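The values are calculated or read from the model by the stated rules, or taken from the named source; none is laboratory data. Note that this is a predicted model, so its numbers are computed, not measured. No Cβ is skipped: glycine too gets one built from the backbone with ideal geometry, and neighbour counts run over all protein chains shown.
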Amino acid sequence: MQIIKVEGGHTLSGEVYVEGAKNSVLKLMAATIMAPGVYRISRVPNISDVAVMSNVLRELGAQVDRIDHQLIIDTSNADGYSTPYELVKKMRASIAVLGPLLARHGKARVSMPGGCQIGERKLDLHFLSLEHLGTNFEFEHGVVKASAPNGLHAASIYLDFASVGATENIMMAAVVAKGTTIIDNAAREPEIVDLANFLNKMGAKITGAGSPVITIEGVSQESLHATDHETVGDRIEAGTFVVAGALCGDKVKVRGFKPEHLGLALQKIRQMGVSIEYLEDGVIVSKPEHLNAIDIQTLPYPGFPTDMQAQLMVMTSLAQGNSIITENVFENRFMFAGELIRMGANIRVDGHHAISQGVTKLSGAPVASTDLRGGAALVLAGLVADGTTMISGIEHINRGYEDFVGKLNQLGAKLSLVEQEAALDEE
Ligand code: EPZ
C-alpha cells in the first residue's frame, strides 16, 4: 500500500496547468449514452473516477478508448441499461447514467450507490423529479428499477435544494421529454453549464444553465447526435493549488481555469491577506506575511464551494485569530479536522460548525485521508508542517487529482510515494 511522504518547509514557485473538471467530465461521459455515435471528449483527467465511469459505459455496451487526455467513446451499440453494484459502489457519480438511460431506452436498472464518508448522499430529489417527467420507480435488493412506459413528458420542477446531481439527471432526461421542462432552484455550477453546452451540441434545446431557472425544450430522440467537446477547466483542482501557493508559494502560477469560476473562494483567500493576480486563464498567488482569520459558509454555487472547505480549513489553522467554518451542503464533512488536529491544529467541531483557532505552526505526523478533498488538504498541511507528514488512503486523492505529487514537486515541493511498511520502519 503506497502512502505520500511530504517533507515540509519548501517554498513553491513556477507554473501548474490544471486538467479538465472531474465533476463535469463524468456527466459528459454519461450523456454520450443518449445518442448513438462516436464522441471525442478532450481535457479528460487521468483519474480513477474516469476509469470507473469508462467501465460503467463499457458495461452498457459502449466502446471507450483513451489517447492521452482525449476519450473516444462509441455508443453505437450501447444497448445495455443496467449498471452493476460493484462499479456503482466505487463511484456514486455513476447515478448520472440514470437520466441518459431513460432518455435513450426508457428504462434503467441502477444499483443504489451507498452513502460515503461525507454524508448520506440521498437521491430523493432525483427520483421525485424524474417521476414528474413520467418515470416509475421500484426499489428492491438495492437496485433502482426505473421505467417510462409511456415515454417522458415535460414538467415544471422545483428543487428543494439546488442539487448538482439532480439538476443534471433531470436536464438530461428532459432533453427528449415531450414539451418544455422547467427546473427552478437549479444548481448553477460551471460544470452544469459545461454539460448543457455539450447537450446543446448534441441537438438539445437548453437555455438558462448557470441561472436558477433552466428551460429544456424537448426534441426527438432521433434528432440527437454525437459531438466533440473540450471539458471545462477544473476549478477545484485549481483552487487546491491556489491554497498551496497561499500557504508556501512565491508567485505560483495556476493556469487552465476561469478565475470567475472560483469567484467567492478567491475573494475569501484574498481577504485572508493573500495576494492574487488575475490572468485570463488563471491566477498568480504568493504567501503573505501572515494569514487573517475568516468566516466561511459553504453553499451551492456561486456560494463558497464545499469542495474547497477542507483546503481553506488548513489556511485558517495557521491564521491569526479564530475562524468559523460552516458546512451547509453535506452533513458530515469535517472528519478531516480530526487528522489536522493530529498535526497540531486547534479546531473544535460542533455539528455544522468548526471553530478554527490559528496556531503558529503545524507539525508533521502520520495521517489518513478520509475523503478526496480532505486527503488533498492533508498534503497541503504537510507542505507547511515542521518535519515529515505521511498520508495514507491516497486512493481517495487519486480519484480526483491527476499526478498530484508530480505537479507539486514540479513547483518545488518534496513529496514521494513510499510503501506503507517502509514508511513505518522510518518512524
Ligand atoms: C456533486 O455531488 C459533486 N460530485 C461533489 O463533489 C460536490 O461536493 C457536490 O456536487 C456539491 O457541489 C460530482 O459532481 C461527481 P448534490 P452531488 O446533489 O451531485 C443532498 C468532490 O469532491 N441531496 O448537490 O452528489 C445531498 O445529500 C465531490 O468532487 C439530497 O438531499 O451533490 C447533499 O447533502 C464531493 N437529495 C447535498 O444535497 C438528493 O436527491 C448536495 O448534493 C440529492 C442531493
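Looking at GLY61, GLY80, GLY9, which is the one that is part of a loop (DSSP other than H, G, I, E, B), in contact with a Cys (Cβ under 9 Å, 6 or more places away or on another chain) and not charged (D, E, K, R)?
Working: GLY61 fails: in contact with a Cys (Cβ under 9 Å, 6 or more places away or on another chain); GLY80 fails: in contact with a Cys (Cβ under 9 Å, 6 or more places away or on another chain).
After ruling out the rest, the residue left standing is GLY9.
Against the condition more than 16 Å from the ligand (Cβ to nearest atom), among the polar types (S, T, N, Q) and closer than 26 Å to TYR39 by Cα, how does SER82 come out, does it pass?
Against the criterion (more than 16 Å from the ligand (Cβ to nearest atom), among the polar types (S, T, N, Q) and closer than 26 Å to TYR39 by Cα), SER82 qualifies.
List the residue pairs whose Cβ atoms are under 7 Å apart, where the first residue sits in the stretch 310-331 and is touching a residue at least 60 places away in the same chain (Cβ under 8 Å), the second is of a type outside the set (A, V, I, L, M, F, W, C) and part of a strand (DSSP E or B), and the two are 6 or more positions apart or on different chains.
MET313/SER356; SER317/SER356; PHE330/GLY119; GLU331/GLY119
For the stretch 106-129, how many residues are of a type in the set (Ser, Thr, Tyr) and at pLDDT 95 or above? Even if it seems obvious, please write down each step before you answer.
Narrowing the stretch 106-129 to residues of a type in the set (Ser, Thr, Tyr): 111, 129.
Those left that are additionally at pLDDT 95 or above: 129.
Of the residues in the stretch 106-129, 1 are of a type in the set (Ser, Thr, Tyr) and at pLDDT 95 or above.
Give me the residue from the stretch 130-164 that is within 16 Å of the ligand (Cβ to nearest atom) and at pLDDT below 95 and, out of that set, farthest from the chain's Cα centre (by Cα).
Per the criteria, the residue is PHE139.
Taking the stretch 298-312 as the search range and keeping residues that are hydrophobic (A, V, I, L, M, F, W, C) and over 15 Å from GLY273 (Cα atoms), which one is surrounded by the fewest Cβ atoms within 10 Å (Cβ to Cβ)? Lay out the reasoning, then the answer.
Initially, the stretch 298-312 is screened for residues hydrophobic (A, V, I, L, M, F, W, C), giving 299, 304, 308, 310, 312.
Within this subset, residues satisfying the condition of being over 15 Å from GLY273 (Cα atoms) are 299, 304, 308, 310.
Values: LEU299: 15, PHE304: 24, MET308: 25, ALA310: 31.
So the residue we want is LEU299.
Restricting attention to the stretch 324-365, which residues are over 25 Å from ASP386 (Cα atoms) and of a type in the set (D, E, K, R)?
Passing the criteria: GLU327, GLU331, ARG333, ASP350.
For the stretch 294-309, give me each residue that is in contact (Cβ under 8 Å) with a residue 60 or more places away in the chain and in contact with a Ser or Thr (Cβ under 9 Å, 6 or more places away or on another chain). Please lay out each step first, then the result.
Residues of the stretch 294-309 that are in contact (Cβ under 8 Å) with a residue 60 or more places away in the chain, as a first pass: 300-302, 305, 307-309.
Listed by number, the residues that qualify are PRO300, PRO305, ASP307, MET308, GLN309.
For residues in the stretch 16-37 being part of a loop (DSSP other than H, G, I, E, B) and touching a helix residue (DSSP H, G or I) at 6+ places or on another chain (Cβ under 6 Å), which is nearest to the ligand (Cβ to nearest atom)? Don't jump to the end; show me each part of the working.
At the first step, the residues of the stretch 16-37 found to be part of a loop (DSSP other than H, G, I, E, B) are 18-19, 21, 35-37.
Checking the rest, the ones that are also touching a helix residue (DSSP H, G or I) at 6+ places or on another chain (Cβ under 6 Å) come to 18, 21.
Details: VAL18: 14, ALA21: 9 Å.
Among them, the one singled out is ALA21.
Of the residues THR181, THR167, which single one is among the β-branched types (Val, Ile, Thr), within 23 Å of MET91 (Cβ to Cβ) and within 27 Å of the chain's Cα centre (by Cα)?
Working: THR181 fails: within 23 Å of MET91 (Cβ to Cβ).
Being among the β-branched types (Val, Ile, Thr), within 23 Å of MET91 (Cβ to Cβ) and within 27 Å of the chain's Cα centre (by Cα) holds for just one of THR181, THR167, which is THR167.
I'd like the residue in the stretch 102-129 that is buried (at least 19 other Cβ atoms within 10 Å of the Cβ) and within 7 Å of the ligand (Cβ to nearest atom) and, out of all such residues, is farthest from ILE214 (Cα to Cα).
ILE118
Here are the criteria: (1) within 21 Å of the chain's Cα centre (by Cα); (2) surrounded by 21 or more Cβ atoms within 10 Å (Cβ to Cβ); (3) more than 26 Å from LYS253 (Cα to Cα). Tell me which single one THR75 does not satisfy.
(1)
Restricting attention to the stretch 165-181, and to residues there that are outside any helix (DSSP H, G or I) and out of contact with any helix residue (DSSP H, G or I) (no Cβ under 7 Å at 6 or more places or on another chain), which single residue is nearest to the ligand (Cβ to nearest atom)? Let's see the steps before the verdict.
Quick first cut of the stretch 165-181, residues outside any helix (DSSP H, G or I) only: 175-181.
So of that shortlist, the ones also out of contact with any helix residue (DSSP H, G or I) (no Cβ under 7 Å at 6 or more places or on another chain) come out as 177-180.
On the way: ALA177: 19, LYS178: 24, GLY179: 23, THR180: 23 Å.
So the residue we want is ALA177.
Failed condition for SER416, given (1) part of a strand (DSSP E or B); (2) touching an Asp or Glu at 6+ places or on another chain (Cβ under 6 Å), with all others met?
(2)
State all residues of the stretch 323-351 that are of a type outside the set (A, V, I, L, M, F, W, C), outside any strand (DSSP E or B) and in contact with a Lys or Arg (Cβ under 9 Å, 6 or more places away or on another chain); if no residue qualifies, say none. Reasoning before the result, please.
Within the stretch 323-351, the first condition is being of a type outside the set (A, V, I, L, M, F, W, C), and the residues that meet it are 323, 326-328, 331-333, 338-339, 342, 344, 346, 348, 350-351.
Subsequent filtering for residues that are outside any strand (DSSP E or B) retains 328, 331-333, 338-339, 342, 344, 351.
Across the stretch 323-351, the qualifying residues are ARG333, GLY344.
Restricting attention to strands (runs of 3 or more DSSP E) lying wholly within the stretch 188-275, give those where 2 or more residues are closer than 30 Å to LEU380 by Cα and of a type in the set (A, V, I, L, M, F, W, C). Give the derivation first.
On the way: elements: 205-207, 213-217, 228-230, 249-255.
Where strands (runs of 3 or more DSSP E) fall fully within the stretch 188-275 and carry at least 2 residues being closer than 30 Å to LEU380 by Cα and of a type in the set (A, V, I, L, M, F, W, C), they are 249-255.
Could you identify the single residue in VAL285, VAL243 that is away from the ligand (no atom under 15 Å from the Cβ), surrounded by 17 or more Cβ atoms within 10 Å (Cβ to Cβ) and under 22 Å from GLY8 (Cβ atoms)?
Values: VAL243 fails: away from the ligand (no atom under 15 Å from the Cβ).
Of the residues listed, the single one that is away from the ligand (no atom under 15 Å from the Cβ), surrounded by 17 or more Cβ atoms within 10 Å (Cβ to Cβ) and under 22 Å from GLY8 (Cβ atoms) is VAL285.
Among the listed residues ARG40, ARG66, identify the single one that is outside any loop (DSSP other than H, G, I, E, B), in contact (Cβ under 8 Å) with a residue 60 or more places away in the chain, of a type in the set (Lys, Arg) and in contact with a Ser or Thr (Cβ under 9 Å, 6 or more places away or on another chain).
Numbers: ARG66 fails: in contact (Cβ under 8 Å) with a residue 60 or more places away in the chain.
None of the other options fit; the residue is ARG40.
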